[in-house]
Amino acid sequence: MIAKKIGILLTNIGTPDAPTISAVRRYLKEFLSDPRVVEVPKILWQPFLYCVLLRSRPKQSAELYNKIWTVNGSPLLYYSLELANSVEQVLSNKLATDVFVQVGMRYGNPSIKTALEELRSKKVDRIFVFPLYPQYSATTTASTFDCVAKTFKKWRHIPEIRMLNEYSQHEHYIQALSASIRQHWQTHAKQYLLFSFHGIPQRYIDLGDPYADQCHATANQVAKALGLEDDAWSVAFQSRLGPTKWLTPYTDKVLAELPQKNIKHIQVICPGFPVDCLETLEEIAIRGKEQFLDAGGTSFEYIAALNDSQLHTDSLVNILFNIIQDW
């Protein structure tokens, strides 16, 4: 029997409130203070964070955010809110019951706490937490769980809760990614396809994080669905920070090397990012393109994230429906 009222919490990493130094500093302080993100003893990390990173990095990051900021504000927040509205409408009709979908950012606003409080005000019977991280990592999905649990610690009456662990190989997610690539090919010639995922320190994988395996599984499933030959695509990892070893190969290094292998026409997609953000729009679509062309590449095309497309809405609705239809 379906509950009379179901709450869906869509979570994402977060975004500064504005592309300003002060707003970026607040955001980075919260993000980089999370022990799930930086697994370094506080006594060692906090002095470096406050005395070095939070003094130098906000200005640089604010300049990057200014490059991708829109009239609607942060692309990540805008697309997430639009997606939530679409999912709410379609899923309510499909389930024929009241469904309320809220967006909660792990860092920044609207916060996970705020989103959960909004669902509580709707008097929902059950809450399903859907982290928009297709591939599980302790740095993202587990951190989301930490934040949700912290909020519920202060509630007297906790509704029934479920949470999605990952959907890296879910058929509807793979279908949506594959369809978006095919749509791109309808107006652009098919080229070498590079899958770029956000990186994490190799040490985290060595400690048991399944993220890397799931990234490769996603890419393999999409390549299979598209009928790509092994030499027509590859996987790389972006956004590394600091001197320690992160997941390899590094996207920027791959972009510099591909033209030397006579691969001069490429398309890049970032399947770990359901909606576009700084890491896709600036790091890949702008900076990555420059790196590839400077290395001798001829053409570079970024294939947009699923964002608030109908493909994305339908994929999330189908994933949710299969899970909660008998809940």
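The values are calculated or read from the model by the stated rules, or taken from the named source; none is laboratory data. A quick note: this is a predicted structure, and the numbers were derived from the prediction, not measured. Glycine gets a Cβ as well: all are built from the backbone with ideal geometry, and neighbour counts include every protein chain shown.
For the range 184-238, the set of residues classified as over 17 Å from residue 273 (Cβ atoms), of a type in the set (A, V, I, L, M) and not in a loop (DSSP other than H, G, I, E, B) consists of 205, 223, 225, 226, 232, listed by residue number. Residue check: residue 37 meets all listed conditions (1) part of a helix (DSSP H, G or I); (2) touching a helix residue (DSSP H, G or I) at 6+ places or on another chain (Cβ under 6 Å); (3) farther than 22 Å from residue 285 by Cα; (4) β-branched (Val, Ile, Thr) but one, namely (1). Going by the conditions given, is residue 240 surrounded by fewer than 21 Cβ atoms within 10 Å (Cβ to Cβ), within 27 Å of residue 209 (Cα to Cα) and not small (Gly, Ala, Ser)? For residue 240, the condition - surrounded by fewer than 21 Cβ atoms within 10 Å (Cβ to Cβ), within 27 Å of residue 209 (Cα to Cα) and not small (Gly, Ala, Ser) - is met.
Pairs linking a residue in the range 304-315 that is more than 19 Å from residue 92 (Cβ to Cβ) to a residue that is in a helix (DSSP H, G or I) and of a type outside the set (S, T, N, Q), with Cβ atoms under 6 Å and 6 or more positions apart or on different chains, are 306/176; 306/312; 307/79; 311/176; 311/179. When the range 204-237 is limited to residues that are more than 18 Å from the chain's Cα centre (by Cα) and of a type in the set (S, T, N, Q), the one that is surrounded by the fewest Cβ atoms within 10 Å (Cβ to Cβ) turns out to be 220.
Consider the range 260-274 and keep the residues that are surrounded by fewer than 23 Cβ atoms within 10 Å (Cβ to Cβ) and touching a strand residue (DSSP E or B) at 6+ places or on another chain (Cβ under 9 Å). The one that is nearest to residue 309 (Cα to Cα) is 267. Condition check for residue 226 on (1) in contact with a Phe, Trp or Tyr (Cβ under 9 Å, 6 or more places away or on another chain); (2) without any contact (Cβ under 8 Å) to a residue 12 or more places away in the chain: one failure, at (2). Among residues of the range 1-22 being surrounded by fewer than 18 Cβ atoms within 10 Å (Cβ to Cβ) and at pLDDT 95 or above, the one that is nearest to residue 147 (Cα to Cα) is 17. Consider the range 247-272 and keep the residues that are charged (D, E, K, R) and assigned to a helix (DSSP H, G or I). The one that is nearest to residue 177 (Cα to Cα) is 252.
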